[in-house]
Each structure stands twice: as C-alpha cells, then as structure tokens.
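Single-structure report; data block below.
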Amino acid sequence: MRISKSIKLIINYVVGPALLILICYHVYNELSARSTLLSDKAEIINAVKKNGLFFPLLALVFMILQLVIESIKWKLLMDMPSSQLSWISSLKMVLAGQSFSFVTPNRSGDFIGRVMLLPDEKRSEGVMYTFYNAVIQIVVYSLLGAGALLIFDVNHLSNEIPLLLKKTLMVLKAFSPYVLFICLFVLIATKFIIQFLLRFPLFNKVQVIGNAILKIEYLKTFLLVLYSLLKSLITVFQYWIIFSWLGIDLAFSDVFIGVSIMIYGLIIMPTISFIELGLRWEFSFVLFSAYTNNLLGITLCAGIIWFLNIVIPAIIGSIWLMFKPVSRS
C-alpha cells in the first residue's frame, strides 16, 4: 500500500508538473511557428481595446453564478428534517472543496473541503452526497459531450491536426450513441440500478452509500440534474463571451459543441487542476480549429476560463480556510 501511495504522489506531483512543462513548451512552439501570430495578436489587442472590460466582468459574474448554483446543489443535498444548512455555510463548503480539489487528481479532494466543515455526525452523509453530486455532474457532462460529438464534423478540423487525433475523435463519435444511452439510463434508473446491485454480496462494502443515495427524493435528483445542466450552459456562455471579447466571432452552437467535447475529454483523462490548463489548451487547439485559425485567441480563452472557474474559487476557498476553524459541533 505504501508503494502504491508513493507512486501516486510521484505521478501527481512530479510527473504531473513535468507534463505541464512539456505541454507549455509544445504550445509555445505551436504558437511561434504560426505565420499569422503577429496578425492574430494585433487583432486580439484591437478587439480588447474596442470591447473594454464588460465581457470579462460578465464572465466573472457567471463564475460567481456557478458557485451559487453549486452551493444550492450542496444545500439541497445536505438539508435534513432535523437540521438546515445555511446558504453562506453551503457556499463556504463549496469554496473549501475548490481549494482542496485544485491539487488532487480529478478534483477528488472536493469532498475533503466540504466535509471537514460539517459537524461530526453529518460527515459520513457529506461524503456520500459529495460522491452522488459528482456522479450526477459527470453524467450530465458526458451526456452533453457525447451529444456534441454526434453532430461534430471531424472533417472540418484543421489539416495541421495529427491524423491519430482525428481518428480518435471518429472512434469516440462512433461510440457516442452508446454513451448517450448509458447516461440517460443512469439518470432515469439510478435507484433501480443501486437496488439491483445491492442484492449481490460483492457490493456489501458500499451498502451504506447505496442506502443513503436511495433515500434521496426523485425531486432532488431532478433538480440536481437541472442545476448541473445550467452549470454546463454557463461555462459555454463564458467561452462564447471571452471569444467575443478577443475578437473571435464564433456561433454559440459551435462554442457549445467545442466546449462540451472538451469537458468530456477532461473527464476521461485523469489529471489535477494545474495540469488541466495544458489539457484545455491541447483540446481547444484540436476542437476549435474547426471554427477558427486564431490559435493565440483559443489559448488565451482557455487560460482565462481556467483562471476564472478554477483558480479564483480555489484562492478564495483557501483564504476562508485560513480564518475559519474546523467545526466539530
């Protein structure tokens, strides 16, 4: 077990940063090699001067809205007949989760930040509901990503995109109908699936989690799905707004397709948040090459959204944790 933990630490905090450096070096080479770099840069500067700060401020408002929605989801799950979670406490837990998830694989540390601020008697429930909330969000992201892949035309990708990547997208596109079916089935029949699995001795160890999820009302699950869809659409709006701010004119439908597939790819690939920036660059290069040749604008947009949605909430959550003692009541 110790060896396994050591290997995980090496992968996350040695191999991970090394990969990020390599990705940054690759991005730098890609941008430097483009003959249109100077004209793209001039176009972006002119657009930013013309558009002012309204668009990035609007994207910041959408980031705050995402946090509010996530705190609503958390309050919805943690509200019990015996005790009610305040709005401000729910928001603080979400922000604390963001700070922990920033340095953990696939944001798995989210549950630590949320649960540590709960009273002792509610922490086990908090772990279970964090898991359930994450599953719902992942299924929704996968649903949107698979749907976007169905209508995405791989042939429109830039000729500079390696053939292997194009073929990979074509394979994922071919499996999209099956992913859509599985996601819809999971959303519709979650409780039926859990009840069926708990009949087998193999799942005895997770019976407590399964029983806790079975107690969640159908209305709460429906609202969780609805809020998760809303969060996804807000992210698309953020990209669309920042693209417009940088002078890259893209249809909202094209941004929706590109962002949905990109998030779907980030779910599939294991990573931690600071490495995620590099992956966002790489995925954006590939996907948005079907709609624009402004590689610099794509890079800046992906970086700005990452900073807004990942870095700023993590910083705020860390500051709160510094001055908020852990509740044990």
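Values computed for the structure shown
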{"quantity": "Whichever residue in region 231-266 is out of contact with any helix residue (DSSP H, G or I) (no Cβ under 7 Å at 6 or more places or on another chain) and among the aliphatic types (A, V, I, L, M) and, among such residues, is surrounded by the fewest Cβ atoms within 10 Å (Cβ to Cβ)", "calculated": "A251"}
{"quantity": "Wholly enclosed helices (runs of 4 or more DSSP H) of region 1-87 bearing at least 3 residues modelled with pLDDT of 65 or more and closer than 20 Å to G247 by Cα", "calculated": "37-51, 54-78"}
{"quantity": "Search result, residues across region 51-98 that are under 20 Å from the mean Cα position of the chain (by Cα), among the aromatic types (F, W, Y) and closer than 22 Å to I305 by Cα", "calculated": "F62"}
{"quantity": "Only listed residue being at pLDDT 80 or above, among the hydroxyl-bearing types (S, T, Y), surrounded by fewer than 15 Cβ atoms within 10 Å (Cβ to Cβ) and assigned to a helix (DSSP H, G or I), chosen from Y227, Y178", "calculated": "Y178"}
{"quantity": "Residue in region 148-160 that is in a helix (DSSP H, G or I) and crowded, with 21+ Cβ neighbours inside 10 Å present", "calculated": "yes"}
{"quantity": "The lone exception for A314 - which of (1) outside any helix (DSSP H, G or I); (2) crowded, with 19+ Cβ neighbours inside 10 Å it fails", "calculated": "(1)"}
{"quantity": "Subset of region 255-295 that is among the small types (G, A, S) and more than 20 Å from L172 (Cα to Cα) - its residue that is modelled with the lowest pLDDT", "calculated": "S273"}
{"quantity": "Answer residue from region 181-224, given it is touching a residue at least 60 places away in the same chain (Cβ under 8 Å) and part of a helix (DSSP H, G or I) and is surrounded by the fewest Cβ atoms within 10 Å (Cβ to Cβ) among those", "calculated": "V208"}
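The values are calculated or read from the model by the stated rules, or taken from the named source; none is laboratory data. None of these values were measured; they are calculated from a predicted model. When we count neighbours, we look across all protein chains shown, and the Cβ atoms used for this are built from the backbone with ideal geometry, even at glycine.
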